[in-house]
Amino acid sequence: MSRDTTLSTDYASGALSKDTPEERERLRLLQEWGDPDTRTALEAVGLGPDWRCLEIGAGAGSVARWIADRCPDGFVTAVDIDTRYLGDTERAHLEWRTGDIRALDFAPGTFDLVHSRLTFCHLPEREELLARAVRWLKPGGWLVLGDVMCVPSDFSAHAPIRRFFGALEAGWTAQGSDMTRWATTVPARLARAGLRDIDVLSRINLLGDQGPYGALAAANIRQEGAYLVGAGLLTPAEVDEVTDLCADPGFTDIRSITVYTWGRKPLDPKEGP
Ligand SMILES: C[S@@+](CC[C@H](N)C(=O)[O-])C[C@H]1O[C@@H](n2cnc3c(N)ncnc32)[C@H](O)[C@@H]1O
């Protein structure tokens, strides 16, 4: 099989495109796995009932809905480039906006909270977006970002895992995603942007896990595997090998570390940013 096929360079048409029939279910599994930790991170910043909030890359919308419930006298704007799985907002103070966050802008000092999960890591303009998100915060407002650091594929002791995730890493790089270096650099980047009271929450995600992460990983492998086979980077047999391995109750391997980071814009402008 030829291995020189080029991959998509855009999230919306890549492995996690919403045109993929399984994407709705994958986003649901992502929420099931990620929401408990995201809520812990958001509770750590102490949401106020009247906060004005921005959710970037809303996905299937559970976090935006939850924030809206916690801020009944505030307002939540949830942006996604593709809002087809968001459904009805069901809340007068929650709006879905379809748009590319790279092309949207808000007045400086608009939000008490800007939150985004697993979206900055996919955008090549992530550094610039971080600076813009800090500008959009009110003094005293919080930026909360959740991203993953995938363990480099060659760290694995298992050849099928090295092959599959090696191909995927090439796909992520071609698409402009950074799934290895970005997440662990976010705390330092927030500090450099002048945010204060920075803290993190992290979780190690295991392939072979029998809980929500295992279910999400299986869905990711199905979807990314089909994409990599279509791109000529893997054979169906190589994808099956990884699927079978991850379903084996005797198998485990560290796949990634989720890093949730939060920081507060100083109330006194002399403190920066
Ligand atoms: C991996 S999903 C995460 C979804 C959600 N944040 C979650 O964790 O459940 C990434 C989301 O970012 C959205 N997205 C990707 N590029 C975007 C862009 N340029 N502007 C706005 N949203 C974008 C995708 O459509 C997708 O819903």
Q.
Can you list residue pairs whose Cβ atoms sit under 9 Å apart, with the first residue in the stretch 228-239 being closer than 12 Å to Ala170 by Cβ and the second being among the polar types (S, T, N, Q)? Count only pairs 6 or more apart in sequence or on different chains.
A. Ala231/Thr5; Ala231/Thr6; Ala231/Ser8; Gly232/Ser2; Gly232/Thr5; Leu233/Thr5
Q.
Cβ-Cβ under 6 Å, sequence separation 6+ or interchain: first residue in the stretch 15-31 and in a loop (DSSP other than H, G, I, E, B), partner more than 6 Å from the ligand (Cβ to nearest atom). Which pairs?
A. Ala15/Glu224; Ala15/Tyr227; Lys18/Arg84; Thr20/Gln223; Glu22/Gln223
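Please tell me if Arg126 is under 16 Å from the mean Cα position of the chain (by Cα) and either under 16 Å from Tyr260 (Cα atoms) or within 16 Å of the ligand (Cβ to nearest atom) (or both). Give the steps one after another, and end with the answer.
Numbers: under 16 Å from the mean Cα position of the chain (by Cα): yes; either under 16 Å from Tyr260 (Cα atoms) or within 16 Å of the ligand (Cβ to nearest atom) (or both): yes.
Taking the combined requirement at face value, the residue satisfies it.
Quick one: is Glu241 acidic (Asp, Glu) and closer than 30 Å to Arg39 by Cβ?
Numbers: acidic (Asp, Glu): yes; closer than 30 Å to Arg39 by Cβ: no.
It is false that Glu241 is acidic (Asp, Glu) and closer than 30 Å to Arg39 by Cβ.
Quick check, is Gly214 surrounded by fewer than 16 Cβ atoms within 10 Å (Cβ to Cβ) and out of contact with any helix residue (DSSP H, G or I) (no Cβ under 6 Å at 6 or more places or on another chain)? Even if it seems obvious, please write down each step before you answer.
Values: surrounded by fewer than 16 Cβ atoms within 10 Å (Cβ to Cβ): no; out of contact with any helix residue (DSSP H, G or I) (no Cβ under 6 Å at 6 or more places or on another chain): yes.
Spelling it out, it is not the case that Gly214 is surrounded by fewer than 16 Cβ atoms within 10 Å (Cβ to Cβ) and out of contact with any helix residue (DSSP H, G or I) (no Cβ under 6 Å at 6 or more places or on another chain).
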Q | Residues of the stretch 59-88 that turn out to be surrounded by fewer than 16 Cβ atoms within 10 Å (Cβ to Cβ), within 16 Å of the ligand (Cβ to nearest atom) and either modelled with pLDDT of 95 or more or more than 18 Å from the chain's Cα centre (by Cα) (or both), as a count | A | 1
Q: For the stretch 161-178, indicate whether the set of residues that are farther than 29 Å from Val114 by Cα, outside any loop (DSSP other than H, G, I, E, B), of a type in the set (Val, Ile, Thr) and in contact with a helix residue (DSSP H, G or I) (Cβ under 9 Å, 6 or more places away or on another chain) is non-empty.
A: yes
Q.
Restricting to the stretch 38-58, count the residues that are within 11 Å of the ligand (Cβ to nearest atom) and either out of contact with any Asp or Glu (no Cβ under 7 Å at 6 or more places or on another chain) or at pLDDT below 95 (or both).
A. 3
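For (1) under 15 Å from the mean Cα position of the chain (by Cα); (2) more than 16 Å from the ligand (Cβ to nearest atom), each residue gets a yes or a no:
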site	(1), (2)
His93	no, yes
Gly99	no, no
Arg102	no, no
Gly109	no, yes
Leu137	no, yes
Val144	yes, no
Asp147	yes, no
Pro160	no, yes
Ser177	yes, no
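The values are calculated or read from the model by the stated rules, or taken from the named source; none is laboratory data. These numbers were taken from a predicted model, which means no experiment stands behind them. Methodologically, a virtual Cβ is constructed for each residue, glycine included, from the backbone with ideal geometry; neighbour enumeration extends over all protein chains shown.
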